[in-house]
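Novice: Below: one structure in structure tokens.
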Amino acid sequence: MKQTSGMGMGTGIAMAVVAGVAVGAGVALLLAPCSGADARSWLARKSRDVKDRTMNAFASGKEAVQRTAGDAARELSSELSSRATSPAPTLRS
């Protein structure tokens, strides 16, 4: 999928989640059989839950990327070290 707006895939997904939550909350408020105060309290609680889950998901993703980058760096360092210590091939004429 080609990105034309400059937004990363993760940003686009996060924006879709936020938009979905906003639409769902609006519909829930319109159709709710409870008082406005109860609806606002419910909406605040659900918003905090979504925020917490989103923050945890991003933190987990960040940790996974850092682990993968660290593993790749160690592997590259090991490969470069082994090449540096092995004798260079000789050229024959």
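Values quoted throughout were computed directly from the atomic coordinates according to the rules given, and no laboratory measurement underlies them. These figures come from a predicted structure and were not determined experimentally. Note: ideal-geometry Cβ built from the backbone for every residue, glycine included; neighbour counts use all protein chains shown.
Novice: Looking at the square roots a ≥ b ≥ c of the eigenvalues of the Cα gyration tensor of the chain, which shape do they give, rounded for a/c under 1.5, prolate if a/b is larger than b/c, or oblate?
Specialist: The shape class here is prolate.
Novice: With +1 assigned to the C-beta of every Lys and Arg and -1 to the C-beta of every Asp and Glu, and no other charges, what is the dipole magnitude of segment 20-93 about the Cα centre in debye, to the nearest 20?
Specialist: 80 debye
Novice: Using the Cα centre of segment 41-93 as origin and beta-carbon charges of +1 (Lys, Arg) and -1 (Asp, Glu), tell me which of 76, 56, 66 is placed farthest towards the positive end of the dipole.
Specialist: About the Cα centre, the residue reaching furthest to the positive side is 56.
Novice: Between residue 32 and residue 82, what length comes free when the chain is fully extended (0.36 nm per residue of separation minus the Cα-Cα distance, one decimal in nm)?
Specialist: 11.3 nm
Novice: Quickly estimate the mean residue ellipticity at 222 nm for the chain, helices only: each DSSP H run with n ≥ 4 gives -39500 (n - 2.57), and the total goes over all residues, rounded to 500.
Specialist: Rounded to the nearest 500, it is -29000 deg cm²/dmol.
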